[in-house]
Structure formats: structure tokens, C-alpha cells
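The values are calculated or read from the model by the stated rules, or taken from the named source; none is laboratory data. As the structure is a computational prediction, the values presented were derived from the model and not from experiment. Here the Cβ is made from the backbone with ideal geometry for all residues, glycine too, and neighbour counts use every protein chain on show. With ligands, DNA and RNA removed, areas are computed over all heavy atoms of the protein, side chains included. Shrake-Rupley method; radii C 1.70, N 1.55, O 1.52, S 1.80 Å.
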Amino acid sequence: MSIPHLFRCPISLDIFTDPVTLCTGQTYDRPCIERWLAAGHRTCPVTMQPLGDAAALVPNRTLRHLIERWLSADHHQLPGPTPPASPITADADEEMPSLAALKRCLQSGGSGNASKVAALRKAATLASESDVGRACMLQLGFLPVLLHLVFHPPWETATTDYLSSSEQEDLALQCALSLLPSSPASPEHGCLNVLGTDASLASFARLLERGGARVKASLCRLLEAIAAAPATRELALAAAASSPRLWHALLPLLQQHREHGGDGRVVSAAAARAVAAVCGATPEHAVLHGAVPALLMCLSSWKAAASGKAAGGGGANAAVAASALAALEAVAAGSEAGRRAVAREPGAVRALVRHVFMMSSSNEGSEHAVAALLAVCRESRAARGEAAAAGVVTQALLLLQCQCGVRAKTKARSLLKLFKSM
């Protein structure tokens with residue numbers, strides 16, 4: 001597919017996804033020009049004209065409309081080489097279908113027919129392998145269509161030998177995640193708000209409970225994106241507040257790494273990141289639904305793995321522990337209820353002290369452990385006493401002597417000052 005020159009961002013040379021115009025008259029893709037400005041540049045990348053203190057980004061709606069019309073034309077073929085004959089539609093021979101035809105096929109009824117199977121496979125391949133194809137699919141509105149295929153009831157639909165409902169969910173989820181922009185600030189994340197209905201949240205929880213390992217990991221990644229994006233903050237709050245079933249399905253996934261080998265470690269890592277993101281967005285609801293004891297159990301199981309009592313996956317388990325510590329920091333720093341919950345949970349303070357510095361790990365979660373201890377110990381005399389008895393001063397001094405980050409060392413010094421004043 002040959003993209004017209006005017007439809008390409010002069011920075012990335014990819015098709016525009018969100019064209020904006022500067023005061024110089026030059027148009028750029030919003031993510032690209034925002035990165036340029038964030039790096040401290042105050043000139044137009046093309047003309048090098050100064051932009052002044054306030055570089056206004058004006059949406060270029062006319063250009064966006066022209067791109068959408070061009071993308072919707074049926075004569076545009078999918079990027080990439082022509083594959084062996086595997087028709088998506090009855091009249092297709094050896095050519096790839098247009099993007100518009102692919103989208104229509106995904107929107108058509110009959111979730112189990114061969115046409116939709118082939119369309120999902122081609123969409124997933126295109127989204128994962130082609131930057132241009134991914135941008136085009138995002139512009140054409142594939143993301144809401146894919147989410148509809150995963151979450152829209154009824155679940156009990158007729159299937160064929162080509163694709164079971166679980167396989168359809170897996171393919172559609174993989175494709176949707178490939179299309180999501182990496183920056184949480186991207187406006188495209190707003191498409192995820194279609195999941196705000198009670199039926200969609202119930203479907204989300206059902207899949208977390210019964211889906212395969214890959215589906216569960218993908219759902220956790222999707223939940224992490226929802227919790228992190230400003231455009232879906234209300235959805236994250238609604239999901240955390242109104243869907244106890246979602247919590248009851250999510251928190252047990254933190255233990256998958258001990259029971260299900262490699263696939264389980266992938267699920268646990270994704271679940272820990274999702275829980276950390278949701279705890280950051282709504283710590284009160286995390287406490288209410290039992291996140292604190294679940295996270296501490298996750299830390300305990302990682303300790304067993306690190307000491308050789310559980311099989312394999314040391315690096316992955318360390319990543320799970322770091323995410324669990326980040327979640328505990330979010331809970332403790334984010335709400336008074338969270339600080340009380342951590343202080344009152346048996347063994348919580350000792351577990352955090354143990355993770356300030358560990359000889360057998362990279363200490364990537366040390367910063368989170370120190371920050372959580374600071375939040376809890378500043379308000380609880382009992383927690384300060386428990387931390388002191390557990391050796392927090394020694395742990396903090398050891399952390400200061402190792403090759404950890406600047407922020408971790410700064411927080412360790414603050415922790416030492418707190419205990420020096422006791």
C-alpha cells in the first residue's frame with residue numbers, strides 16, 4: 001500500500017494517527033511532536049522556526065478526515081506480500097483483501113464461520129508485524145470491533161472446527177493489544193470505554209476465571225492499560241468499585257507462577273502489573289477487596305522460589321515481586337485505609353523490611369518497599385517498632401551501599417532519618 005506523501009508524519013514517516021499543526025503551519029503526528037517538545041526542543045523540526053514558550057498543537061481535522069476517507073477506499077490492499085491462496089471472502093482469489101473488507105468481515109454475523117477465522121488471523125498478523133498496517137487499522141476503527149468480538153454477549157454462539165470461542169477471544173485480544181498505542185496519554189485509549197457496561201465487565205471477569213493462560217495474561221495487560229490511561233480513568237474506577245467478581249478473579253492469578261510453570265509465571269507477572277496499576281488508580285477499593293493479603297502471599301511465594309523451594313523462573317519471580325511491592329506502595333501511599341491495612345496485616349511490615357535489600361536478587365523492588373515502609377511507619381508507632389525489630393536500619397544501610405537507583409537511595413536516607421528520630 002503506497003501512502004501519499006502528505007499523509008506521512010515528517011518525523012516518523014508513518015501515516016498520521018493524530019495530526020496536529022504548529023504555529024509554523026507544519027503538521028506532525030501528535031505523539032511524535034510531543035516527544036520532540038518533551039526533549040526540550042523549542043523549534044519546528046522541519047522549518048527550525050522558534051515556537052516560543054507555548055507551542056500550541058491544533059488538531060488538523062481536515063487532514064484526518066481525508067486520511068480516513070482514503071483508508072476506507074476498498075482498492076487499498078493490506079501491506080505486505082501476497083500470501084498463499086486463503087480467501088477471506090468468497091470472491092477473493094490470491095489477493096489480500098482491503099482493510100475495509102477485512103473490517104466488514106470482522107463485523108459480520110456468525111462468529112464461528114471460516115471467513116471470520118481467516119479475518120482474525122490476518123488482522124492479528126498485520127497488527128503485530130506491520131507498523132503501517134497497525135496505524136491504518138487504528139485509524140479505521142478496528143479496535144472497538146475487536147473488543148466487541150471479545151466482550152459482547154451472548155457468549156454461547158455456534159462455532160465450527162475452525163475456531164472455538166476461546167480461540168476467537170485469544171486472537172481478538174492479541175490483535176487489540178497490538179493496536180493499543182504504547183503511550184497511556186494517547187486518545188485512542190478512549191476506545192476502551194466501550195467496556196464500561198455491566199455486561200462487558202461481567203464478561204471480563206468470566207474470562208479471567210475460565211480463560212486459558214494466554215487469554216488471562218492478555219486481559220491483565222488490558223486492565224493495566226485501562227488503569228494507566230487518563231482517558232479510561234472513570235472506567236478503571238467503575239470496574240474497581242462495582243465489580244467484586246473482577247477482583248476475586250484477578251487476585252488469585254498472583255499465585256499462578258508457583259503452580260503452572262512457565263505459562264503461570266507469565267500470567268502472574270501480568271497480574272501483578274495489573275494489580276499495581278489498579279491499586280495506583282483506586283487504592284481504597286483494592287484494600288476493600290483483599291489486595292493487601294494477596295500481595296503479601298505473592299511476596300512470600302517469590303521468597304520460596306528465590307531460596308530454591310520452588311522450581312525455576314527466578315528472574316520472572318523477581319519481576320512479579322517488584323510489581324507486588326509497587327502495588328503495596330500504591331496502597332500505602334495512596335490512602336489512609338491502605339496504610340492501616342498494611343500496618344495491621346500480620347507479617348506485612350517484616351516482609352517489606354526483608355525486601356528493602358536482598359542478597360540473592362537485583363533489588364529492583366527495593367524502592368517500592370522503602371516507600372511503602374515510609375508511608376506506614378510515619379503514621380504507626382507499632383509499625384515503626386516492628387520494622388526496627390526486623391532490622392530495617394541495617395537493611396537500609398546495605399541498600400545505600402549497593403548499586404541501586406538514585407530514588408531508592410533518597411528514600412532509604414529518609415527512612416533512616418525517620419528511625420534516627422525514634
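Descriptive notes on the structure:
- Counted residues, segment 6-25 - those being within 28 Å of the chain's Cα centre (by Cα), among the aliphatic types (A, V, I, L, M) and closer than 12 Å to Leu57 by Cβ: 1
- Residue match in segment 70-93 (condition: at pLDDT 75 or above and touching a Ser or Thr at 6+ places or on another chain (Cβ under 6 Å)): no
- Residues (under 19 Å from the mean Cα position of the chain (by Cα) and surrounded by fewer than 19 Cβ atoms within 10 Å (Cβ to Cβ)) located in segment 239-275: Pro252, Asp263
- A Cβ distance below 8 Å, combined with a sequence gap of six or more or placement on separate chains, defines the contacts here; from segment 145-174, residues that are modelled with pLDDT of 75 or more reach no residue that is assigned to a loop (DSSP other than H, G, I, E, B) and basic (Lys, Arg).
- Leu373 at pLDDT 95 or above and touching a Leu at 6+ places or on another chain (Cβ under 9 Å): yes
Residue-wise test of (1) touching a residue at least 12 places away in the same chain (Cβ under 8 Å); (2) of a type outside the set (Asp, Glu); (3) under 19 Å from Leu328 (Cβ atoms).
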position: Ser366; (1), (2), (3): yes, yes, yes
position: Ala369; (1), (2), (3): yes, yes, yes
position: Cys377; (1), (2), (3): yes, yes, yes
position: Ala387; (1), (2), (3): yes, yes, yes
position: Cys402; (1), (2), (3): yes, yes, no
position: Arg407; (1), (2), (3): yes, yes, yes
position: Ser414; (1), (2), (3): yes, yes, yes
position: Lys417; (1), (2), (3): no, yes, no
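- A Cβ distance below 7 Å, combined with a sequence gap of six or more or placement on separate chains, defines the contacts here; from segment 276-296, residues that are open to solvent by 10 Å² or more (accessible area, probe 1.4 Å) reach residues that are among the acidic types (Asp, Glu) in the pairs Ala277/Glu224; Pro293/Glu345; Leu296/Glu345.
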